[in-house]
1. So which residues in region 309-350 are surrounded by fewer than 19 Cβ atoms within 10 Å (Cβ to Cβ) and not in a loop (DSSP other than H, G, I, E, B)?
2. Kindly list the number of the only condition in (1) part of a loop (DSSP other than H, G, I, E, B); (2) crowded, with 18+ Cβ neighbours inside 10 Å; (3) within 21 Å of the chain's Cα centre (by Cα) that fails for residue 396.
3. Looking for something under 21 Å from the mean Cα position of the chain (by Cα), at pLDDT 95 or above and of a type in the set (D, E, K, R) - is there at least one such residue anywhere in region 506-517?
4. Please go through region 66-96 and give me each residue that is aliphatic (A, V, I, L, M) and in contact with a strand residue (DSSP E or B) (Cβ under 8 Å, 6 or more places away or on another chain), ordered by number.
5. Among all residue pairs at least 6 apart or on different chains, which show Cβ distances below 6 Å where the first residue, located in region 321-336, is in the same structural domain as residue 116 (by TED's automatic domain parsing) and in contact (Cβ under 8 Å) with a residue 24 or more places away in the chain and the second is surrounded by 14 or more Cβ atoms within 10 Å (Cβ to Cβ) and small (Gly, Ala, Ser)?
6. Could you check, for region 432-452, whether at least one of its residues is in the same structural domain as residue 515 (by TED's automatic domain parsing) and free of Cβ contacts under 8 Å to residues at least 24 places away in the same chain?
7. Does any residue in region 153-179 that is in a loop (DSSP other than H, G, I, E, B) come within less than 9 Å, Cβ to Cβ, of a residue that is at pLDDT below 65 six or more places away or on a different chain, and which pairs are these?
8. Can residue 552 be described as at pLDDT 50 or above, exposed (fewer than 15 other Cβ atoms within 10 Å of the Cβ) and either part of a loop (DSSP other than H, G, I, E, B) or assigned by TED's automatic domain parsing to the domain that holds residue 48 (or both)?
Amino acid sequence: MKGTPLNRAGWRLWLAACLTVFAAGALLAGMAAAQDAPARLAARFQALVQDQGLTPEQVALLVLSTRHRAVLVQHRATAPMPAASNTKLVTAYAALRALSPNFRWRTRISRIAEHDGAAATGRQGLLIEGAGDPMLLYADLETIAQRIRAAGIRRLTGGLYLDASLYGSGTTLPDPRPVVREWLEGRDDAGGAAAPVQAGLGGAAEAAPEAGGGPSGAEAEDEQGLAPPSAFVVEHNAPELLISLADSGPVDVLSRLPAEALRIVSRLQPGADRRSVLRVEQAWGGAQGSITLTGTVAPGQHTLAIPITEPAAYFAHLLRAALHRQGIEGSLPLRGELPRGSRRELLFSHFSPALREAIGPVLRDSDNLAADGLLWTLAVHGRAAGKAGAPAVEDGLRAVRRILQQDFPGILNEVELSDGSGLNADSRITARALVRVLSGALSRPEFGPEFAGALSRAGWDGTLHYRTFPAALQGRLRAKTGTLKGVQNLTGVLPLEQDELVFSFLIEAPGLSRVRLQTAQDQIVGALYELLRKDEVRVPDADPLAPRVLAPPPPSRKPGRKKTLNPPAPSPKPKAGESASQAGVG
């Protein structure tokens, strides 16, 4: 039986139907492939982890596409992991939000006309009101001394009074007893929470590169020494000593600080093997501070950061040296309480750089003291009105939690912090929480560009300077590292050709060395980057997790305001005598 021939209109309808079915099939196949991408990438990630001798239970990962607002791959993204120095991402974000990017620390310098309780003595002294400025350098003390001379002061016959009441501290007089700490192979054997010995004093398994090309002290990161929090901070209250030992010859010890303020006594001897055993004694009770080093040192160049045990006395010695360099006479002994009846005259205030600049050392170099300084500043400024007593760490943590809950609802279920730096091993956080905080920071126009610029860049600077990422990531990967014993964290930004990925990759593997974990992490990140780069166009339309990961959109601008990604210009520094409330600073 012959079929009935189709007319031209029928052929067109039949062809259109076929094309529709084909297009629908292709669309469904594409959607299926896209929806399968996260599972496929997660499986590949687990294989990469196992190839490096780790188990899937020892790692956590989340990768977010900022272009598609979708999660590309996740593995144990909500599992609590040790926060280590990734804590600093949270601390820096909370400080910028609570204090403002233009916040500045204010140190007040006043002239004191001393009084003995019955009459004026005619002696002139100085009063310094500490602000806990974590950015204060010795060069700033030189500037302060110059301004004191410019105020007409040539001789100081009274005492030096240091007001540490901001942190609720009592007397600033130093303990005259020496403090001794010992280190073996770069590890603190005195029961301290962190090893103050920097890169280069470790054993062979974790030795620094060749002498002269080794990493800076920042690479040791969470193994840095941490001085106690103080209202007085100079050079992070952890001065660095450069210790050099050639194949033959004496041990040389160099310091950038003036000998008048700090006397370095070296009794170090060449080590019989490639091990370093050090004993460090600090004494601050006299007119000059002293640090005495004894023990043996391995060949090479080493950087030793020494946490100062008496920050106020350390500040006093450095300030006196700066004053004498400016020709201002007087012994200016460190005094306790200001005598009743003494008169004070504010000379000027020293202001730190803006907070937006302070996050560089915190994130790029993983400065523990600066990070905890941010937390203490939050504690001081975030306390409830009228609350009695000294500020405490919990006051700062409460301020951090308040900002997190406000900006990222529900995130507190995945964040449990014990300090601002990450040195406390009890601090826990999830990969998802870290991605939320970092993506939120980058999306804020008032400080997002500075936050991104403060992250260390692979192969260029900071704690990623000497990492072994593949060449494709050198100079491109920007991230914050985190290192504790058996812990290696990396949270940052990976740029693709048409996208930017925010990721967090956390490892907890007790028993494995820092070098082993860093090498494994570098190789896994490099391989994952290649997979994501090749799969860049095959991104799922959405993931149920994505809306909870992404930060809320930045505040809407007023109509007619020109949209710009440039941050607002920093506010001018307040003039001498201007109040903190007028200046908008600490």
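1. Result: 324, 325, 329, 343, 344, 345, 346, 348.
2. Result: residue 396 fails condition (1) only.
3. Yes, some residue in region 506-517 is under 21 Å from the mean Cα position of the chain (by Cα), at pLDDT 95 or above and of a type in the set (D, E, K, R).
4. 70, 71, 72, 73, 77, 79, 81, 83, 84, 89, 90
5. That search, which allows pairs on different chains as well, returns 321/261; 322/145; 323/145; 326/145; 333/159; 334/316; 335/159.
6. For region 432-452, residues in the same structural domain as residue 515 (by TED's automatic domain parsing) and free of Cβ contacts under 8 Å to residues at least 24 places away in the same chain: absent.
7. Partner pairs satisfying both residue conditions: 164/170; 164/171; 164/172.
8. For residue 552, the condition - at pLDDT 50 or above, exposed (fewer than 15 other Cβ atoms within 10 Å of the Cβ) and either part of a loop (DSSP other than H, G, I, E, B) or assigned by TED's automatic domain parsing to the domain that holds residue 48 (or both) - is not met.
The values are calculated or read from the model by the stated rules, or taken from the named source; none is laboratory data. Please read all numbers here as calculations on a predicted model, not as lab measurements. Cβ: placed from backbone, ideal geometry, glycine included. Neighbour counts: every protein chain shown.
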